[in-house]
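What follows is a short report on a single structure.
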Amino acid sequence: MKITRETLENQQIWIYGGSLIFGGILGINKGIGTNLEWMISPLIAILMYGMFAQIPFLKLREAIANFRFISALLIGNFIAVPIVVWILTAIFPQSPPILLGVYLVLLTPCIDYVIVFTQLGKGNEKLILASTPILFVVQMILLPVYLWIFIGEEMAGVFEVAPFLEAFLFLIVVPLIFSVISQVWAKKREIGVKVLEFTTWLPVPFMALVLIVVVSSQIGRVYSDWELIVRVIPIYILFLIITPFISRLIANIFNLDKGAGRALIFSTGTRNSLVVLPLALALPENWATLAAAVIVTQTIIELIGELIYIRVIPRIMMKDHSESEIQ
């Protein structure tokens, strides 16, 4: 059977699920898992290039011009979500390294596979695509501020600026520049068109590779510190349950259409685990181990939650009027 890009995209949920399982199996052998850790950032960079290359930059102004959506997106991710996270961590207190991992992952909105799940959940993925640079820049600016507010100067001092700048440049700026070059090249040369077409194959397989490498390299940490890490699971589950309702309220306030409203729900409910993981690994060793394990745990729980999201959000939470009438 010939494998097409459409086949990959239609089967990506199962591909990602299989990647998690395969990564867990590889991670049983600590030698293999540890040796794969260096691949996390390069694979994420290639994944981001594949994602950014699909953004229609000529229509970017049109998407960003949707002031209501951008306003709702920023309020949802950078005002509502931090309040929810603060309340949940107050209800379920954690030790400092674990708390740091929770804040790292829950205070940063996803900019990669949220696009895929928004599309599967019948949301307007073009709005999410267009907003990814804004989301990343704002979260990188605000994350140190949130850490200082929530956990004080002592813990925020554990961070250095360099890892944040390195992540931003390597994982976002460089892939973004190459994706723009690819699109300009495609307008001038036929080979550029072929290169741009090739990039459409990158997101699914590289997302799978990223998941395999992340899980295999970090699952040992999750297992060894399971008694501590299991305490954050209620936070992650409640986060996935609460944020859609808050996002729906925000969508109603800004009078967003169904596609934009669903996109908002997916954005506030999906976190930036794959991008902040390198930041966690850059922490001092005694902090990095627990923080990274906490982030990987969130990734696993979130992917399960996304499978529920893509069915519940378009069918129950934000149904089209036509669907309501038929049923």
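The values are calculated or read from the model by the stated rules, or taken from the named source; none is laboratory data. The structure presented is a predicted model; accordingly, all values stated were derived computationally and were not measured. Glycine gets a Cβ as well: all are built from the backbone with ideal geometry, and neighbour counts include every protein chain shown. When the accessible area is computed, the model is the full protein with side chains, heavy atoms only, and any ligands, DNA or RNA have been set aside. Shrake-Rupley method; radii C 1.70, N 1.55, O 1.52, S 1.80 Å.
Observations
- Relative contact order of region 252-327: 36 percent, from C-alpha pairs under 8 Å at least 6 residues apart in sequence.
- Helix runs (DSSP H) in the chain reaching 27 Å along axis by Cα, Kyte-Doolittle at least 0.5: 125-156, 203-224, 233-253, 285-312
- Gain on full extension, evaluated as 0.36 nm per residue between ILE79 and GLU285 minus their Cα-Cα distance, stands at 71.0 nm.
- Choice from VAL312, VAL102, VAL84 with maximal GNM fluctuation in the chain (Cα, 10 Å cutoff): VAL312
- Amide H partners (placed H, <5 Å) of ARG271, local residues excluded: CYS110
- Over the chain, accessible surface divided per residue gives 47 Å², non-protein components excluded, 1.4 Å probe.
- With the helix formula -39500 (n - 2.57) applied to DSSP H stretches of n ≥ 4, the chain reaches a computed 222 nm mean residue ellipticity of -24500 deg cm²/dmol.
- Measuring against 32 Å, Cα to Cα, the residue pairs LYS2/LYS319; LYS122/LYS188; LYS126/LYS194; LYS188/LYS258; LYS2/LYS126 contain LYS2/LYS319; LYS122/LYS188; LYS188/LYS258 as the ones spanning a longer distance.
- Computed over region 126-240: relative contact order in percent, which uses C-alpha pairs under 8 Å that are six or more apart: 10 percent
- Most fluctuating residue given options ALA288, ALA65, ALA263, as computed from a GNM of the chain linking Cα atoms under 10 Å: ALA65
- Calculated translational diffusion coefficient of the chain (25 °C, 0.890 mPa s; Stokes-Einstein with Kirkwood radius over alpha-carbon pairs) equals 122 µm²/s.
- Accessible surface of the chain [probe 1.4 Å, protein heavy atoms]: carbon and sulfur percent: 68 percent
- Scattering curve values for region 251-324, log₁₀ I(q)/I(0), Debye with Cα scatterers, q = 0.12, 0.19 Å⁻¹: -0.47, -0.80
- Choice from MET317, MET48, MET207 showing the highest fluctuation, given a GNM over the chain with Cα pairs closer than 10 Å: MET317
- Net +/- balance of residues flanking LEU196 in space, Cβ distance below 15 Å, scoring K and R +1, D and E -1: +3
- The simple spin-label model puts a point 7 Å past each Cα toward its Cβ; for GLU166 and ARG5 those points are separated by 3.4 nm.
- Relative contact order of the chain, defined on C-alpha pairs under 8 angstrom at six or more residues apart (%): 35 percent
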